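Participant: Please see the structure below; I have some questions.
The values are calculated or read from the model by the stated rules, or taken from the named source; none is laboratory data. Please read these numbers as outputs of a predicted model, since none were measured by experiment. Heads up, the Cβs are rebuilt from the backbone with ideal geometry, glycines too, and the neighbour counts pull from every protein chain shown. Each accessible area value is taken on the protein alone, full model and side chains, heavy atoms only, with ligands, DNA and RNA left out. Shrake-Rupley method; radii C 1.70, N 1.55, O 1.52, S 1.80 Å.
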Amino acid sequence: MPLSIADQNKLDAFWSYCVKHQYFNIGYPESADFDYTMLERFLRFSINNCGDWAEYCNYLLNSFEFEKEVMEYFAGLFNIPFEDSWGYVTNGGTESNMFGCYLGRELFPEGTLYYSKDTHYSVAKIVKLLRIKSQLVESQFCGEMDYDDLERKISASGERHPIIFANIGTTVRGAIDDIAEIQRRIAGLGIARKDYYLHADAALSGMILPFVDEPQPFTFADGIDSIGVSGHKMIGSPIPCGIVVAKKSNVDRISVEIDYISAHDKTITGSRNGHTPLMMWAAMRSHTNAEWRRRIQHSLNMARYAVDRFKAAGIDVLCHKNSITVVFPKPAEWVWKKHCLATSGDVAHLITTAHHLDSSQIDALIDDVISDLNQRAA
Ligand SMILES: *Cc1c(COP(=O)(O)O)cnc(C)c1O
């Protein structure tokens, strides 16, 4: 049955709304400069990637071949031999983090998960769902974990198998926890490398750091056990998605054989999106490394530009190395509402995602922040 005229009009109106606002976003990390039109024709198929892309599945409409190549790409970016890794395309950074925490908990069922106050809000939920013992660690003002507090808390609780949730780019301040420092502190407590688990939440920065000249440590070569990144943030995707990469040896411990799909089930959901792996694949295949580097450098330059403008106006501003998140004092409600900014406590941020080709939206926002401050001073 075709749609009624009224319903057709409703869709048309929503289409116009989306076209009008497609580049609105300056407060959140979602990029809008993607083009997956080559994939539109696949929307007519019920593609489903349930199970493991590495195995045969008799649900024929799967995009496993593409998912495998996506995973091969990310294993390369995150410095782990592909054959030693396993991961999949998730529904987003949250599921990626949940998978990492799940592996940590299966390895150390009695272990305590340590996460800093600046950690994304979803981790509190993950901890509840997985019933992991957890401890909140203080953050430094810059947004990094307070390593003294981490050490103190592990030591005071006598935990022999800490599960560490490290932020590679916090949501609000874009801060990157120092993996090497975390490892030094844990080693200092006499805990061997095989006795703890280290997950890296790299929702936004996981797709920035591989393409900068001086990345902070964040890969398997630096000592992580798993990493999550969002597909709809730096890369860009019309459907939220993410990627998680872990060590195959740890994943094999959670694998369950399912006769119904004649495959192994390792993933958190059963049916899985088969379209988003196609999107991630298309994103990888349509950008050379040099293009990612250029795109990311442009965003970093825009962040620099915003920092300089705030400084020139005498406004406090924070932006970490290799970060596109620019933090400033929370402006009046009319400013953050008008620009759809995310605020947290007494700060707000703008994120110079790649669809900001020039500085016009950044300028419009900073002009409003300045005029708000002038009004308040008057
Ligand atoms: C956005 C974000 C998440 C959650 O990712 P989703 O893709 O929205 O589920 C987790 N951690 C950090 C640091 C984030 O910025």
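Participant: With the requirement that a residue be touching a residue at least 24 places away in the same chain (Cβ under 8 Å) and assigned to a helix (DSSP H, G or I), what does region 302-318 give you?
Facilitator: MET302, ALA303, TYR305, ALA306, ARG309, PHE310, listed by residue number.
Participant: So for region 56-66 (the condition being under 18 Å from the mean Cα position of the chain (by Cα) and part of a helix (DSSP H, G or I)), does at least one residue qualify?
Facilitator: No, region 56-66 contains no residue that is under 18 Å from the mean Cα position of the chain (by Cα) and part of a helix (DSSP H, G or I).
Participant: Only one residue in ILE254, ILE191 is surrounded by fewer than 22 Cβ atoms within 10 Å (Cβ to Cβ), more than 16 Å from the ligand (Cβ to nearest atom) and at pLDDT below 95. Which one?
Facilitator: Among ILE254, ILE191, only ILE254 is surrounded by fewer than 22 Cβ atoms within 10 Å (Cβ to Cβ), more than 16 Å from the ligand (Cβ to nearest atom) and at pLDDT below 95.
Participant: Which pairs do you get when a residue that is without any contact (Cβ under 8 Å) to a residue 60 or more places away in the chain, found in region 153-182, comes within reach of a residue that is assigned to a helix (DSSP H, G or I) and open to solvent by 50 Å² or more (accessible area, probe 1.4 Å), reach meaning Cβ atoms under 6 angstrom, with the pair 6+ apart or on two chains?
Facilitator: From residues that are without any contact (Cβ under 8 Å) to a residue 60 or more places away in the chain, the pairs are ILE179/ASP222.
Participant: Is it true that ALA200 is buried (at least 23 other Cβ atoms within 10 Å of the Cβ), within 25 Å of GLU83 (Cα to Cα) and either more than 16 Å from the ligand (Cβ to nearest atom) or within 17 Å of the chain's Cα centre (by Cα) (or both)?
Facilitator: Answer is yes for this residue.
Participant: If you check ASP372 against the conditions, is it over 25 Å from the mean Cα position of the chain (by Cα) and either under 22 Å from THR171 (Cα atoms) or among the hydroxyl-bearing types (Ser, Thr, Tyr) (or both)?
Facilitator: For ASP372, the condition - over 25 Å from the mean Cα position of the chain (by Cα) and either under 22 Å from THR171 (Cα atoms) or among the hydroxyl-bearing types (Ser, Thr, Tyr) (or both) - is not met.
Participant: Could you grab the pairs with beta carbons closer than 7 Å, sequence gap of 6+ or different chains, first residue in region 183-205 and within 12 Å of ILE168 (Cα to Cα), second one within 16 Å of the ligand (Cβ to nearest atom) and of a type in the set (D, E, K, R)?
Facilitator: ALA203/LYS233; LEU204/LYS233
Participant: Now for a different question. Can you tell which of PHE42, PHE78, PHE74 is in contact with a helix residue (DSSP H, G or I) (Cβ under 7 Å, 6 or more places away or on another chain), of a type outside the set (A, V, I, L, M) and crowded, with 17+ Cβ neighbours inside 10 Å?
Facilitator: PHE78 is the lone residue from the list that is in contact with a helix residue (DSSP H, G or I) (Cβ under 7 Å, 6 or more places away or on another chain), of a type outside the set (A, V, I, L, M) and crowded, with 17+ Cβ neighbours inside 10 Å.
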